[in-house]
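**Student:** First the structure, which I've put down as structure tokens, then a few questions once you've had a look.
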Amino acid sequence: MLVNRKLILAHFWLAFAVFGIALTLGAWQMFIRSPIGTWLSNPELYYRSLTAHGTVMGYVFPTLVAMGFGYAISEAALQQRLVGVRWAWAGFWLIVIGSIMAVIPIALGRASVLYTFYPPLIGNVFYYLGVVLVVVGSWIWVALMSVNLRIWRKAHPGAPVPLAMFANVAGSYLWAWTAVGAALELLLQIIPVAAGLKNTIDAGLARIFFSWTLHAIVYFWLMPTYIAYYTIVPRAIGGRVYSDTMARISFILFLVVAMPIGMHHTFADPQVGAGFKFIHSAFTALVTLPTFLTVFTICASVEIAARLRGGRGLFGWITALPWDNPMMLALAFSFVMLGFGGAGGLINMSYQLDTSIHNTQWITGHFHLIFGGAIVIMYFAIAYDLWPHLTGRELVDLRLIRTQLWLWFVGMIVTTFPWHWVGILGMPRRMAYFDFGDPAIAPQALSVTLSAIGGFILLASGIMFIVILARGMRAPQADAGANRFALAVHQPATVPVALNTHALWVALMIGLTLTNYGYPILNLALSEGTSVPAVYVGAQ
Amino acid sequence: MSTRELFTLTNRHFKASVGIFAAIFVVTAIAGFIVLPFAQPWVQFANVWDAICSAAGVPQRAASVATPEQSKRLSEVVLTSNTLSRPSQEAIGRGATLAQRCAICHGPTGVSRADSPNLAGQYAAVIYKELHDFRTGARTNAVMSPFAVNLTDQEIADLSNYYADLPRLPAYHPTPQLPKPNIVIYGAPMRGIAPCGSCHGSLDNKTGSPWLEGQSEAYMKAQLQAFASDERRNDISQQMRNVARAMTPQEIEQAAAYYASQPPDIVKAVD
């Protein structure tokens, strides 16, 4: 039951429109600093583009997808009309206004600070205010998800919350808390400086606040993908979820351990004590658990589908899978990219191994493979699955959809594998220009060229994706039936209260944030002489 | 079961989850704060508390490291983007009177005829810093140092504001504009040289960095050579010395010739 289709479609269309723009900028960036592009002679234009790419891809695009998907889940899984539709539209418009407000200073070259802000670099105040509005808009969604679940609970006392909604609300709580770090950085530190009230800033403290957001935000991006793994894929390929409990435990673990681990981004920062870096590193290792649980459960769920289709043998069942089904294809691609990206991530989180790849192109390759690859390909899958329900029309050209998914997968591998490689060779990230005529880096020219070609494959795939969705809006009308989520092998009749509510896990999330972040933040906030003069973009 | 019963020790989920996470935290904390600090044979700790404080990042005064004797003075100036940003008309007027003694080298309109820097329209923070450095001896020059040594803080600020207020005029002998050389626009990433233009104009300007358009070629060349040879050392954190040392003589000549050939009216306005 999807009543507020317009609301959900608006979120998806805005998400994919800004995604298309940012993707184009990304491909241009790959090209312009590769040996095949002629250097611009102005690095500022490159950083301008990079800031826009990161801001859209990091803040606007995934947030809108999570919100749109969240509203759809709330209506379809709970089988009740969304409460607070006006608030939802208000949140949407806040994001629209915030995005425009942020993009104007970027386009004018007044906020080329990259989406990670990098104080003491300070851009135009409207850039930061725009980002704040985007976050505030998304917090409205968090509140609405909580309110809608509460209303459902009142009407169904003691009943198990449908898995999709349980996970969706977990994702929204994770976002609410993780965004607090960047919000504190913006409101207490950056915006007063950008507005001219102060002209020094504690850059070290700002980096700690940002690390609070920076890692868990990835798990917020990941939530829709994991929800799709558990609740869309098994149904779409004719199987069942192997274990509902395992799924709940995975989402709970994400909620608890995604937060207190962000300092593995600051291993090279002198203002953080080595003991805290070790604790964060150890907790980062824990975050592999929910992913391993998920990979196991989803492989088992897929095997169920294969055996129902007559698959036999230890591995022979793999051939019985519906490989022409886009959902199956997207899942397989997503898992392959998650596997490689996750393995790279284990290197990043190791205190010692990180030193060899810290701040190199390896990192850029890593997060593009995980986010742009494993996560975004499932966003495509989510859109393909929901589109017929949202538009009342059929997506007819499955071949085109498969081609699009293939291109995205191949493009992402071609882009990110050479990227990792040049990172190991020591090529730094965030550089606008490389002189490939220099004998020291001339051998890397081939890898960087390959990577840029991958960027264009991705651009082609992205355009196809938008074309498929646009054509879907004009296709002949067809009834897609009810929008259902996958059922478990053993559908839960009752669920222990700990696995049916979020309170305990939110409390643990906040508690671990206090233990792992409390002292480093207080130490820097209360120490004298830790601030440095701000460097204003474009000012003398 | 209600949420209230969730947070009780009789609930095994509560007991198990809190217990497990507390145990993980305690174990990792013991490893990170006690075991690993002592596992470093090259670091000595007085006691366990000392090791814990070190691992927690408590700011500590270095115990017995003797700071090397500084034979030459370093710059003591702290600049922010707001240094001297809103001068009064009185300050500019006082600066104009004081500037009469500067005119013999820096020109009556702030444009030099003697290979000294052109000061008309130079950023106030730049003049402020250099005058301070001449006064303290962080930068020395046979001609400039005696002028600067008796200036008060107020006089330095007034002079800086006055020159910053003057219009940027063309150089005394303008030369045809040269194209941008690589060192200005690309730098040399493999040698750790940022583009000149990323601080000194053409691409961007940074606090404390002078704009260079239309300045004397001989002067700029001499300063780069002085930085390279460590003769001039009032740059903060050796920024310019590191760049100049890595530059080739040809690059020094190209950069100086390029900036000297640019008209100063292309310099971005100060915000």
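**Student:** Please state, rounded to one decimal and in Å, the Kirkwood hydrodynamic radius that the protein assembly as shown gives when every pair of distinct Cα atoms enters the mean of 1/r.
**Tutor:** It is 29.4 Å.
**Student:** Here's a follow-up. Measure off, as a whole percent, the carbon and sulfur share of the 1.4 Å-probe accessible area of the stretch B:89-165, all protein chains present.
**Tutor:** 54
**Student:** Cβ neighbours within 10 Å, averaged per peptide: list A:214-227, A:119-132 in order, most packed at the top.
**Tutor:** A:214-227, A:119-132
**Student:** Return the average number of partner chain Cβ atoms within 10 angstrom of each residue Cβ along peptide A:241-247.
**Tutor:** Counting other chains' Cβ atoms within 10 Å and averaging over A:241-247 gives 0.
**Student:** Which order do A:71, A:242, A:351 take when ranked by solvent-accessible area (1.4 Å probe, heavy atoms of all protein chains), largest first?
**Tutor:** A:242, A:351, A:71
**Student:** Full-extension gain between residue A:198 and residue A:6, please, as 0.36 nm times their residue separation minus the C-alpha to C-alpha distance.
**Tutor:** Extending this stretch completely gives an extra 64.7 nm.
**Student:** Taking only the alpha carbons of the stretch B:182-266, what extent do you get along each of the three principal axes, in Å, biggest first?
**Tutor:** Cα extents, longest axis first: 32, 26, 25 Å.
**Student:** Check which residues have an amide H placed less than 5 Å from residue A:536's amide H, if you skip close sequence neighbours.
**Tutor:** Amide H neighbours of residue A:536, under 5 Å, 5+ apart: A:122.
**Student:** Roughly speaking, to the nearest percent, how much of chain A's 1.4 Å accessible area is carbon and sulfur?
**Tutor:** With neighbouring chains kept in place, the figure for chain A is 70 percent.
**Student:** Ok, one more. Give the B-A buried accessible area in Å², both sides summed, 1.4 Å probe, nearest 100.
**Tutor:** Heavy-atom accessible area buried at this interface is about 3600 Å².
**Student:** Using only atoms on other chains, find how many Cβ atoms lie within 10 Å of each Cβ of peptide B:54-60 and report the average. Provide the component values of the computation, followed by the final result.
**Tutor:** Details: counts 3, 7, 8, 13, 4, 7, 0.
Mean partner-chain Cβ count within 10 Å for B:54-60: 6.
**Student:** Right, next: Distance in nm between label sites at residue B:152 and residue B:74, each 7 Å beyond Cα in the beta-carbon direction?
**Tutor:** So the label points at residue B:152 and residue B:74 sit 3.1 nm apart.
**Student:** Checking the cross-link filter: which lysines have an alpha carbon closer than 24 Å to that of residue B:221, excluding same-chain neighbours under 8 positions apart?
**Tutor:** B:72, B:129, B:180, B:206, B:268
**Student:** Using alpha carbons only, how many degrees (0 to 90, rounded to 10) separate the axis of helix A:61-78 from the longest principal axis of chain A?
**Tutor:** 20
**Student:** Other chains near A:39-47: what is the mean number of their Cβ atoms within 10 Å of each residue's Cβ?
**Tutor:** 4
**Student:** Follow-up. Compute the separation of the alpha-carbon centres of the stretch A:1-46 and the stretch B:173-217 and state it in Å as a whole number.
**Tutor:** Cα centres, the stretch A:1-46 to the stretch B:173-217: 32 Å.
**Student:** Within 10 Å of each candidate Cβ there may be at most 15 other Cβ atoms; applying that plus a DSSP loop requirement, which GluC sites (Glu not before Pro) in the stretch B:186-250 survive?
**Tutor:** Here the GluC sites (Glu not before Pro) that fit, given the DSSP loop and packing criteria, are B:231.
**Student:** Net charge within 12 Å of residue A:206 by Cβ-Cβ distance, Lys/Arg positive one each and Asp/Glu negative one each, not counting residue A:206 itself?
**Tutor:** Once positives and negatives cancel, what remains is -2.
**Student:** Something else: I need the calculated FRET efficiency for the pair residue A:39 and residue A:352, taking r as the beta carbon distance and R₀ as 45 Å, to the nearest 0.05.
**Tutor:** Taking R0 as 45 Å, the efficiency between residue A:39 and residue A:352 is 0.80.
**Student:** Okay, next question. Hydropathy at least 0.5 by Kyte-Doolittle, axial extent at least 20 angstrom from the Cα trace: which helices of chain B, defined as entire DSSP H runs, fit?
**Tutor:** Span-like helices here: B:12-30.
**Student:** With everything on Cα atoms, drop me the angle between helix A:445-472 and the longest principal axis of chain A, reported from 0 to 90° to the nearest 10.
**Tutor:** The helix A:445-472 is inclined about 40 degrees to chain A.
**Student:** Further question on the same structure: Hey, what angle do you get for helix A:244-257 against the long axis of chain A, alpha-carbon based, 0 to 90 degrees rounded to 10?
**Tutor:** 10
The values are calculated or read from the model by the stated rules, or taken from the named source; none is laboratory data. It should be emphasised that the depicted structure is a prediction, and the values quoted were computed from it without experimental measurement. Neighbour counts are summed over all protein chains in view; Cβ atoms, including those assigned to glycine, are modelled from backbone coordinates with ideal geometry. SASA here: full protein model, heavy atoms, side chains in, ligands and nucleic acids out. Shrake-Rupley method; radii C 1.70, N 1.55, O 1.52, S 1.80 Å.
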